[in-house]
Every structure is written in structure tokens, then in C-alpha cells.
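**Q** Structure provided below as C-alpha cells; questions to follow.
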Amino acid sequence: MNASLLSPARADAPARSSFGRAALAAIALEGLLLGAWLVVWPAHPPKTLGLHRKPMAVHFVTLPTPPRVVPKPPPPQVVPKPRPVVHQKPHPVPKPKPRPPVVHRRPVPLAVPVKKQLPPPKPARRVPTPLPPPAPAPATAAQAVDRYAVILRTRIQRGLVVPPRVTALGLSGKALVAFELTPGGRLLWVRIVRSSGIGLVDRAALAAVRSRSYPPFTKNMPHHATVFRVRVGLNDRHHGGF
């Protein structure tokens with residue numbers, strides 16, 4: 001082998017032996033110190049600094065033994081005595097009583113009170129209805145209607161009121177007015193049949209018919225409502241005449 005390679009190993013050997021010796025010496029020194037400390041420790045115990053402990057008294061108390069509880073025996077169960085079975089006697093079925101024989105009796109008629117017969121009522125006297133008067137003859141009725149119509153024209157013409165401006169203008173005209181009267185003289189209706197051509201005159205003629213009162217029909221006139229026709233209006237400067 002090469003001498004250069006073996007030289008380091010030989011150089012490390014003295015160093016390893018010196019290290020082992022030092023370690024053994026240290027261990028031996030520590031063992032001596034530990035043995036000296038164990039010898040010195042019981043003679044000089046460590047002192048407590050500022051700590052004064054009082055001794056604690058401990059008393060042992062003996063507890064009494066608890067009494068033994070003896071369980072009570074359960075009460076004896078009372079068994080009920082069986083009731084004697086009572087057999088009920090069957091009730092006797094009552095016998096039906098014999099029915100008495102049915103006797104059919106005739107009902108006795110009750111006395112009916114006799115009512116007193118009232119005398120028959122006297123017949124009421126009939127009041128004879130007045131018969132309507134006989135209708136007049138056509139010729140007689142026509143004459144009576146004509147005479148009545150003359151009375152109507154006079155009354156209506158007298159009641160005619162014409163506005164002053166119509167008179168001032170000198171206007172003239174006549175309106176044919178138709179109206180119906182009852183036999184008692186009551187007016188039913190009125191209207192213009194033929195106009196006068198002047199509205200003021202027509203309205204005045206209607207107002208004249210409505211404002212008049214009329215006498216009842218004469219006995220020779222028809223006994224029903226009748227229609228009359230009358231000419232009412234102005235005639236030049238006066239309103240008299242037809």
C-alpha cells in the first residue's frame with residue numbers, strides 16, 4: 001500500500017485515546033461529588049425561608065351503624081266469598097179478565113128546542129125609476145139647437161177681448177170655433193176649426209169661449225153632449241154681427 005494513505009489514520013489514534021481518558025475522568029469526578037452530597041444532606045437540611053406551617057390535627061370519627069330496615073309483609077289478600085246464585089221464580093201470567101157482553105142501546109133523541117118563527121120581512125117598496133123624457137122630434141130638436149146657438153154666439157162675441165193694436169191697425173177677421181157642451185152647460189173642449197189669419201184674433205176667440213158660462217139645454221134639445229160651431233172675430237171697425 002501507499003505510505004501517503006496510512007499516515008492520517010496513524011495520526012488520529014493518539015487523539016482518540018486522550019478523549020476517552022478525559023471522559024472517564026469526568027464521570028469519576030461526578031460520582032465523587034454525588035457521594036459527598038448524599039453524605040452532607042441529612043446533617044444540614046435545607047431551611048425554609050419565611051414559611052411557618054402549623055401542624056394539622058386529624059380526628060377520626062366512627063359513624064353509627066344505620067338501623068336495619070325490615071320490610072313489612074304485604075297484607076293478606078281478602079278473597080270475596082262467592083255470592084249464592086238466586087234463581088228467580090217466573091212471574092205468573094195474569095189471566096185475561098172476561099169482557100162483559102156488549103149491549104147495543106139505541107140513542108135517546110135529544111129534545112130540539114123549537115125556534116120561534118119570525119114573520120116574513122115586508123117587501124121593500126120599490127121607488128119607480130123616472131123614465132127619461134122622450135126624445136124630441138128631429139125637426140123640433142134642430143130648431144131648439146139653432147135658437148141655443150144664437151144665444152151662444154151672443155155671449156161669446158160679447159166676451160171677445162181684442163188687443164188694442166189690432167183695432168188700431170184696422171184689421172178684421174173671423175175664426176170658426178168648435179166646442180162641445182154637456183146638457184148641463186159644462187164646456188168639455190174647444191178648438192179652432194178655421195183660422196181668421198190673425199193669431200191674436202184666434203187666441204182671443206178661444207179665450208172668449210173658455211171664459212163664458214152657458215145655460216143648460218132646453219127640454220126640446222138632445223139629452224147628450226152636443227158640438228157647436230160659432231164664428232167669432234172682427235168685422236171692419238166693430239165686432240158685432242157674424
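**Q** Quick query: amide H of GLY233 versus all other amide H atoms, modeled in the peptide plane; which residues come in under 5 Å with a sequence gap of 5 or more or a different chain?
**A** ALA175
**Q** Could you go through the range 144-154 in sequence order and give the Karplus-derived ³J(HN,Hα) for each residue, using 6.51 cos²θ - 1.76 cosθ + 1.60 with θ = phi - 60°, rounded to whole Hz, and x for Gly and Pro?
**A** So the Karplus estimates, Gly and Pro as x, are 5, 5, 5, 5, 5, 5, 5, 5, 5, 4, 5 Hz.
**Q** Pop out the ³J(HN,Hα) list for the range 181-194 in order, Karplus 6.51 cos²θ - 1.76 cosθ + 1.60 with θ = phi - 60°, rounded to Hz; leave Gly and Pro as x.
**A** 10, 7, x, x, x, 8, 7, 9, 7, 8, 7, 8, 8, 9
**Q** Take the alpha carbon gyration tensor of the range 138-234, find the square roots of its eigenvalues, order them as a ≥ b ≥ c, and report rounded if a/c is under 1.5; if not, report prolate when a/b exceeds b/c, else oblate.
**A** prolate
**Q** How large is ³J(HN,Hα), in whole Hz, for each residue of the range 67-79 in order, when computed from phi with the Karplus curve 6.51 cos²θ - 1.76 cosθ + 1.60 and θ = phi - 60°, using x for Gly and Pro?
**A** x, 7, 8, 9, x, 6, x, x, x, x, 6, 8, 8
**Q** Here's another thing I want to ask about it. Just order 72-85, 184-197 by mean Cβ neighbour count inside 10 Å, highest at the front, would you?
**A** On the way: 72-85: 5.7, 184-197: 13.4.
By packing density, highest mean first, the sequence is 184-197, 72-85.
**Q** For a quick check: with amide H placed at 1.01 Å from N, whose amide H comes under 5 Å from GLY185's, ignoring anything fewer than 5 positions away on the same chain?
**A** PHE217
Rule-based calculations on the coordinates, nothing more; no lab input. None of these values were measured; they are calculated from a predicted model. Cβ sites come from the backbone with ideal geometry, for glycine too, and all protein chains shown count toward neighbours.
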